[in-house]
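Working notes, structure below.
The values are calculated or read from the model by the stated rules, or taken from the named source; none is laboratory data. Worth saying up front: this structure is predicted, and the values here are computed from it rather than measured. With ideal geometry, Cβ positions are generated from the backbone for all residues, glycine too; neighbour counts draw on all protein chains shown.
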Amino acid sequence: MRCRRQRKKNGGLDLRYAFFFGPISVTIFHIIEPSPDAGAKEIGCRIEVQRCYEELPGGLWYAVPVVTLREPIWRCDLQRKVPAGEGDDQRAHQHTRWTGQLAVEREFDPDLTKDPLGWVEKQLADLRPILRAGGAEDLVEKLDYDELSAALPLLMSAVKSSLEQPVRTGTTPA
């Protein structure tokens, strides 16, 4: 597992978790986005699966590899609206279709709304359906699913950690 810390414009720290499984990466981080509703924000955790490329500078095995995350395959946002009206806080959704690097539309699933952590754990436990739905059928047989299974507790720990970051008022999205 690799982590990246970066200072945000508002002085806080941006902690991103990155897991690499052969040709894909799973990144997990806390997000704060403006809401379509005036004066509100959508706050939570973003989980992304992307194609991952690793290159050795000059082809030298002892060089530090350059890792690049490129084409998106899947994204899940476990978000809630703040402030929210009664029963109007849940914004959890996924994206399986893309135009370049941009997600096409939000896809809502009643099971995701009912049990966000359980739903995400089920999705991450077997990435085959995600890869197929996201147009990455060519990667399905290239993953080590035993490695993915062994990493699942770490993935879920990163999701929970990213969800539990305190909500600070008066901050803007970085």
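Matching residues to (1) free of Cβ contacts under 8 Å to residues at least 40 places away in the same chain; (2) in contact with a Leu (Cβ under 9 Å, 6 or more places away or on another chain); (3) within 24 Å of Ser35 (Cβ to Cβ); (4) among the aliphatic types (A, V, I, L, M):
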| site | (1), (2), (3), (4) |
| --- | --- |
| Pro83 | no, no, yes, no |
| His93 | yes, yes, yes, no |
| Thr113 | yes, no, yes, no |
| Trp119 | yes, yes, yes, no |
| Ala133 | no, no, no, yes |
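Do we have any residue at all in the range 86-101 that's crowded, with 16+ Cβ neighbours inside 10 Å, assigned to a strand (DSSP E or B), in contact with an Asp or Glu (Cβ under 9 Å, 6 or more places away or on another chain) and of a type in the set (D, E, K, R)?
Checked the range 86-101: no residue is crowded, with 16+ Cβ neighbours inside 10 Å, assigned to a strand (DSSP E or B), in contact with an Asp or Glu (Cβ under 9 Å, 6 or more places away or on another chain) and of a type in the set (D, E, K, R).
Does the range 159-172 contain at least one residue that is at pLDDT below 90 and touching a Pro at 6+ places or on another chain (Cβ under 7 Å)?
no
Could you tell me how many of the residues in the range 135-146 are surrounded by 13 or more Cβ atoms within 10 Å (Cβ to Cβ), in contact (Cβ under 8 Å) with a residue 60 or more places away in the chain and either part of a helix (DSSP H, G or I) or of a type in the set (Phe, Trp, Tyr) (or both)?
Looking only at that region, the number is 1.
Quick one: Glu121 ticks every box in (1) among the acidic types (Asp, Glu); (2) surrounded by 14 or more Cβ atoms within 10 Å (Cβ to Cβ); (3) in contact with a strand residue (DSSP E or B) (Cβ under 7 Å, 6 or more places away or on another chain); (4) modelled with pLDDT of 90 or more bar one, so which box is it?
Single failed check for Glu121: (3).
Looking only at the range 32-60, which residues are β-branched (Val, Ile, Thr) and at pLDDT 90 or above? Walk me through how you get there before you give the answer.
Of the range 32-60, the ones β-branched (Val, Ile, Thr) are 32, 43, 47, 49.
Correct list: Ile47, Val49.
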